[in-house]
Amino acid sequence: MRSRLKGKSKWKDNARSPILFFIDDLCNKWIDINNDGKILPEEDWGYAGFDEIGAFKFLENEIISVNPEIKTTFFVPVGKRANLITNSKINSISEPINKTEKSRHFFKILHNDERFEIAFFY
């Protein structure tokens with residue numbers, strides 16, 4: 001299978017190099033930037049899990065499945081993420097990754113998928 005990324009990076013003597021893709025932070029969080037109560041991929045940090053409207057589906061459809069040779073590392077904070085701005089008027093949800101069955105399932109499936117590496121941190 002040919003990569004769409006072929007020829008994007010130049011290495012000394014045309015050496016082949018692994019493609020690494022790091023995602024920071026994939027967690028159980030959603031920031032409702034436009035305050036409409038609907039998750040959009042650009043607002044999702046992993047809260048939507050495998051839902052079609054979430055960030056992971058966007059990454060999978062637009063980058064990962066198109067370039068199957070990519071090794072993806074997700075940096076995953078396991079606990080509740082602090083708000084970026086105190087007293088913000090933007091609504092957000094942030095929970096530990098094991099808060100619901102949906103979130104436990106999402107992170108377990110990623111953990112067991114050989115295409116992915118999970119770097120957990122507190």
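At a glance:
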| item | result |
| --- | --- |
| Set of aspartates and glutamates with alpha-carbon distance to Lys29 below 19 Å, sequence-local pairs under 8 removed | Glu42, Glu43, Asp44, Asp51, Glu52, Glu60, Glu95, Glu101 |
| Exposure rule at most 14 other beta-carbon atoms within 10 Å, DSSP loop GluC sites (Glu not before Pro): the chain longest free segment | 70-113 |
| Gaussian network model of the chain, Cα within-10 Å springs - most flexible of Ala48, Ala15, Ala82 | Ala15 |
| Hull volume in cubic angstrom per residue (convex hull over the Cα atoms of segment 34-121) | 103 Å³ |
| Size of electric dipole in the chain: Cβ of Lys, Arg +1 and of Asp, Glu -1, about Cα centre, debye, nearest 20 | 440 debye |
| Filtered chymotrypsin sites (Phe, Trp or Tyr not before Pro), segment 40-75: DSSP coil and at most 14 other beta carbons within 10 Å | Phe50 |
| Loop sites in segment 59-96: trypsin sites (Lys or Arg not before Pro), DSSP, at most 15 other Cβ within 10 Å | Lys80, Lys89 |
| Other-chain or far-sequence residues with amide H under 5 Å of Asp32's (modelled H) | Asn91, Ser92, Ile93 |
| Rounded to 10°, Cα long-axis angle of helix 101-112 versus longest principal axis of the chain | 20 degrees |
| Value of [θ]222 nm, deg cm²/dmol, for the chain, DSSP H segments ≥ 4, -39500 (n - 2.57) each, nearest 500 | -4000 deg cm²/dmol |
| Under 17 Å between alpha carbons - lysine pairs in segment 34-121 that sit 8 or more apart or on different chains | 8 |
| Choice from Leu40, Leu110, Leu20 showing the highest fluctuation, given a GNM over the chain with Cα pairs closer than 10 Å | Leu20 |
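Read-outs throughout are calculated quantities, based only on the coordinates presented, and are distinct from any laboratory measurement. As the structure is a computational prediction, the values presented were derived from the model and not from experiment. Cβ atoms come from the backbone with ideal geometry, glycine included; neighbour counts cover every protein chain shown.
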